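Comments concern the structure below.
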Amino acid sequence: MSIRLTLDRLLQSQGFGSRKYCRELIADGEVAIDGAVITDYRAAFATAGLTFTIFEEKWTYREHVYIALNKPANFECSRKPSHHPGVLSLLPEQFSWRDVQPVGRLDHDTTGLLLMSDDGPFIHAQSSPKRHVPKLYRATTQEPITQQLLTQLLVGVQLHDEPAPLAALSCVAVGEHQLDIVLEQGKYHQVKRMLAAAGNHCSALRRIAIGGLTLEALGLGEGEWCYLDAEHLSLLNAKREE
Ligand code: URA
């Protein structure tokens, strides 16, 4: 949706700080559009496709941001992290001002694909238990993987606080101590608890795909992030090809 915004509101909407602070940045000559420094905060611009330069860095106006992060271990998804730094510390500080949040949670020691956004309805829809978006995890196990373990995970294992057994959509061994497991639900510590209930122990966990969106296709190194475009977002609803 294209709207016209005065430059102070525009910068504020993009996470550059309070309106007062954005006015100061503008008055200080820190903001340019189409190569021209704008010092009047009342100047108004259509937002669609707008790019601007601030602190000599180029930015594109985005009504909302949709981000994929390759989460490293020892970062918390919580907004108020307690034992480790939060994942937001891996992103430009503008995203915190914009109230970007993780879409769902990965444990602090889980690595891999984490979506983040400041679009409330998007976050809500993606996190809804009704959505059934398959999520692919690569789990490293303490004990060797047996056919019995794979069968148990596929048939379903009973977790303490769940009314019914939870089953993997698919589950294949990719090494003596590694398996790929696809889950539709996103219960607390689900992979680790399912493996424990099946008599093994998860010693490392990495999410490698959500729907048809894979970390490999995004080409993100550990700790790197990228914006997701409409094509990426449409993959989130796609069933993963086996
Ligand atoms: N399952 C887990 O056990 N932990 C995660 O972080 C994600 C899924």
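The values are calculated or read from the model by the stated rules, or taken from the named source; none is laboratory data. These numbers were taken from a predicted model, which means no experiment stands behind them. Virtual Cβ from ideal backbone geometry, glycine too; neighbours counted across all protein chains shown. The protein model used for the area step is the full one, side chains on, heavy atoms only, and it has no ligands, DNA or RNA in it. Shrake-Rupley method; radii C 1.70, N 1.55, O 1.52, S 1.80 Å.
Within the set of pairs 6 or more residues apart or between chains, which connect a residue that is farther than 14 Å from residue 205 by Cβ inside region 128-146 to a residue that is charged (D, E, K, R) and within 15 Å of the ligand (Cβ to nearest atom) with Cβ atoms less than 7 Å apart?
132/184; 134/184
Just to check your reading of the model, which residue among 153, 233 is open to solvent by less than 60 Å² (accessible area, probe 1.4 Å) and either within 16 Å of the ligand (Cβ to nearest atom) or β-branched (Val, Ile, Thr) (or both)?
Exactly one residue qualifies, and that residue is 153.
Can you pull out every residue in region 188-206 that is more than 8 Å from the ligand (Cβ to nearest atom) and basic (Lys, Arg)?
206
Read through the list (1) open to solvent by less than 50 Å² (accessible area, probe 1.4 Å); (2) in contact with a helix residue (DSSP H, G or I) (Cβ under 9 Å, 6 or more places away or on another chain); (3) modelled with pLDDT of 95 or more, then give the number of the only condition that residue 20 fails.
It fails just one condition, (1).
Out of (1) away from the ligand (no atom under 14 Å from the Cβ); (2) part of a loop (DSSP other than H, G, I, E, B); (3) open to solvent by 60 Å² or more (accessible area, probe 1.4 Å), what's the single condition that is false for residue 164?
Answer for residue 164: the failing condition is (3).
Of all residues being within 14 Å of the ligand (Cβ to nearest atom) and among the aliphatic types (A, V, I, L, M) in region 111-130, which is nearest to the chain's Cα centre (by Cα)? Just the residue, please.
So the residue we want is 115.
Does residue 4 count as farther than 30 Å from residue 113 by Cα and touching a strand residue (DSSP E or B) at 6+ places or on another chain (Cβ under 6 Å)?
Considered against the rule, which asks whether it is farther than 30 Å from residue 113 by Cα and touching a strand residue (DSSP E or B) at 6+ places or on another chain (Cβ under 6 Å), residue 4 comes out as yes.
With respect to residue 108, is the statement that it is at pLDDT 95 or above, more than 17 Å from residue 171 (Cβ to Cβ), within 16 Å of the ligand (Cβ to nearest atom) and touching a His at 6+ places or on another chain (Cβ under 8 Å) true?
yes
Please verify whether region 180-189 includes one or more residues that are open to solvent by 50 Å² or more (accessible area, probe 1.4 Å), at pLDDT 95 or above and assigned to a strand (DSSP E or B).
No, there is no match, as no residue in region 180-189 is open to solvent by 50 Å² or more (accessible area, probe 1.4 Å), at pLDDT 95 or above and assigned to a strand (DSSP E or B).
Would you be able to say whether some residue in region 89-104 is in contact (Cβ under 8 Å) with a residue 60 or more places away in the chain, charged (D, E, K, R) and within 16 Å of the ligand (Cβ to nearest atom)?
Scanning region 89-104, I find no residue that is in contact (Cβ under 8 Å) with a residue 60 or more places away in the chain, charged (D, E, K, R) and within 16 Å of the ligand (Cβ to nearest atom), so the answer is no.
Which numbered condition trips up residue 133, out of (1) within 11 Å of the ligand (Cβ to nearest atom); (2) in a loop (DSSP other than H, G, I, E, B); (3) open to solvent by less than 20 Å² (accessible area, probe 1.4 Å)?
Just one mismatch for residue 133, condition (1).
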